[in-house]
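What follows is a single structure, written as C-alpha cells, with notes after it.
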Amino acid sequence: MRLNQKVLTFFKNYLVRRKTKYLWNDFLSSLYNVDVRVGQGSALSPILSILYLFSIFYILKKHLKILKIPISIISFVNDSFFIFQNKSISHSNTNLFCSYNVISSLLTNFELVVEHEKTEVFYFSRLHGAFNPPPLDLTALEGPILLPKAS
C-alpha cells in the first residue's frame, strides 16, 4: 500500500525549512527557524492522524488475519474501536489480549505513545439476568486491568 506521491511530497515539505521574524513597534527581529509540528487542534491534525493511522491499521489487519483473530476496526479521527463477536467471553478476552499486544507493538514501532489509562472495554450480552464478565488483565503488556462497568 502506498500513498500518492503528490500527497507524500506535500506533507514532506509542510512547515519544513520555514523562517519568520516579528515586528514590535519599531523593532524588527532577525529571522528565526519555525520548523514546527502540526499540533492537536490544528486544521491538519485530523487529516495527518488518519493518514498515519491508516498505515498502522492496514498492518494490524494483516497481523490479526495471520493470527486468525476476527476483528472489525472502526476509526474516527482520534478514537478507534475494535469490535469482536464471539459467544465465549474467555475467547473474546483472548482475542482482545492478543490484539492489544499487536497494536501496542505497532504503535511503539511507529513511535506513538499508547495512553493505557484511556483504554476501555465494553461487553454486550443477550443473556437475561446477571451478567458479570471477568476483567481483562493487560498488565503483562504494560497495560491496565480493564474492569467491566455496569451500564
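Candidates are the residues of segment 11-27 that are among the hydrophobic types (A, V, I, L, M, F, W, C) and within 21 Å of residue 52 (Cβ to Cβ); the one that is surrounded by the fewest Cβ atoms within 10 Å (Cβ to Cβ) is 16.
If the condition is being assigned to a loop (DSSP other than H, G, I, E, B), at pLDDT 70 or above and among the hydrophobic types (A, V, I, L, M, F, W, C), then segment 12-40 contributes 16, 31, 34. Residues that are under 17 Å from residue 102 (Cβ atoms) and among the small types (Gly, Ala, Ser) within segment 116-151 comprise 140, 143, listed in sequence order. Is one or more of the residues making up segment 51-60 assigned to a loop (DSSP other than H, G, I, E, B) and either surrounded by fewer than 16 Cβ atoms within 10 Å (Cβ to Cβ) or modelled with pLDDT of 80 or more (or both)? No - not one qualifying residue is present in segment 51-60.
Among the residues of segment 65-75, those that are at pLDDT below 85 and either in a helix (DSSP H, G or I) or touching a helix residue (DSSP H, G or I) at 6+ places or on another chain (Cβ under 9 Å) (or both) comprise 69, 70, 71, 73, 75. For segment 102-123, filtered to residues that are part of a helix (DSSP H, G or I) and either modelled with pLDDT under 80 or basic (Lys, Arg) (or both), the residue that is surrounded by the most Cβ atoms within 10 Å (Cβ to Cβ) is 116.
Being at pLDDT 75 or above, in contact with a helix residue (DSSP H, G or I) (Cβ under 8 Å, 6 or more places away or on another chain) and surrounded by 11 or more Cβ atoms within 10 Å (Cβ to Cβ): is that true of residue 99 here? Yes: the conditions hold for residue 99.
Answer yes or no: is there a residue in segment 79-91 that is assigned to a helix (DSSP H, G or I), surrounded by 15 or more Cβ atoms within 10 Å (Cβ to Cβ) and at pLDDT below 85. Looking through segment 79-91, at least one residue is assigned to a helix (DSSP H, G or I), surrounded by 15 or more Cβ atoms within 10 Å (Cβ to Cβ) and at pLDDT below 85.
The values are calculated or read from the model by the stated rules, or taken from the named source; none is laboratory data. Predicted, not measured: the structure shown is a model, and the values here were computed from it. Neighbour counts run over all protein chains shown; Cβ positions are idealised from the backbone, glycine included.
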